[in-house]
Amino acid sequence: MKIIFQRKNFIESDFINKFSLNNKDSGAIFSFIGKARPKSQNNTVLSIDIELYEKMALVQIKKIINKLKKKYLIDDYLVIHRYGKVKPGENIVLIIVASRHRKESFRFGEELMDWLKVKATFWKKENFADGSEWVNQKSTDKEFIDFNL
């Protein structure tokens, strides 16, 4: 069970393979990879600057995970989130979850990602050829969040 913040891009298959080997007794391994998109609102994205308040983000993510672990029976998890300059096509986030049954892994991973989008202290600025713009939360990101967790 681990949370990692890092600047450099990562090869997701390395982490997924190692995680899977470490969780041989789990019946399901869920993985989600979030990537930087090359387009945003019809603009070509040159890069994304991701800022993070690491201590606060760690506290928030651990709190969210602890609440989700009361809701879903999981065996293990790994969260990797990048910060710094990210180019289109590069990885931003990797979530891997091991559980006895697939539904637990899927739901835990999906809800964790939803929470990361609205609660964790990450700020993203998209850079275009003609300027830059901070990314605001979308109302759709909050649709499925159970704020009573």
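The values are calculated or read from the model by the stated rules, or taken from the named source; none is laboratory data. Nothing here was measured: the structure is a model prediction, and the numbers come from that model. No Cβ is skipped: glycine too gets one built from the backbone with ideal geometry, and neighbour counts run over all protein chains shown. Ligands, DNA and RNA are excluded from the accessible area calculation, which covers all protein heavy atoms including side chains. Shrake-Rupley method; radii C 1.70, N 1.55, O 1.52, S 1.80 Å.
Side notes on the structure shown:
- Per-residue accessible area (protein heavy atoms, 1.4 Å probe) orders 58, 21, 94 as 21, 58, 94, starting from the largest.
- Toward the positive end of the charge dipole of the range 48-115, with +1 on the Cβ of Lys and Arg and -1 on the Cβ of Asp and Glu, the farthest Cα among 50, 92, 109 is that of 109.
- Residue-normalised accessible area of the chain, expressed per residue, 1.4 Å probe, Å²: 62 Å²
- Residues of type lysines that residue 39 reaches as a straight line, Cα spacing below 17 Å, ignoring anything fewer than 8 places off in the same chain: 85, 87, 124, 125, 138
- Amide hydrogen proximity for residue 45: with H placed 1.01 Å from N in the peptide plane, the residues at 5 or more positions away or on another chain lying under 5 Å are 39, 40.
- Cross-link pairs 24/71; 24/67; 24/69 - those with Cα-Cα distance over 30 Å: none
- Cβ-placed point charges (K, R +1; D, E -1), dipole of the chain about Cα centre in debye, nearest 20: 320 debye
- Taking the C-alpha atoms only, the angle from helix 102-118 to the longest principal axis of the chain is near 30 degrees.
- Classification of the range 50-112 by its C-alpha gyration tensor yields an oblate form. The axis ratio a/c (a ≥ b ≥ c) is 1.5 or more, and b/c is at least a/b.
- Hydrodynamic radius by Kirkwood, which averages 1/r over all alpha carbon pairs of the chain, in angstrom: 16.1 Å
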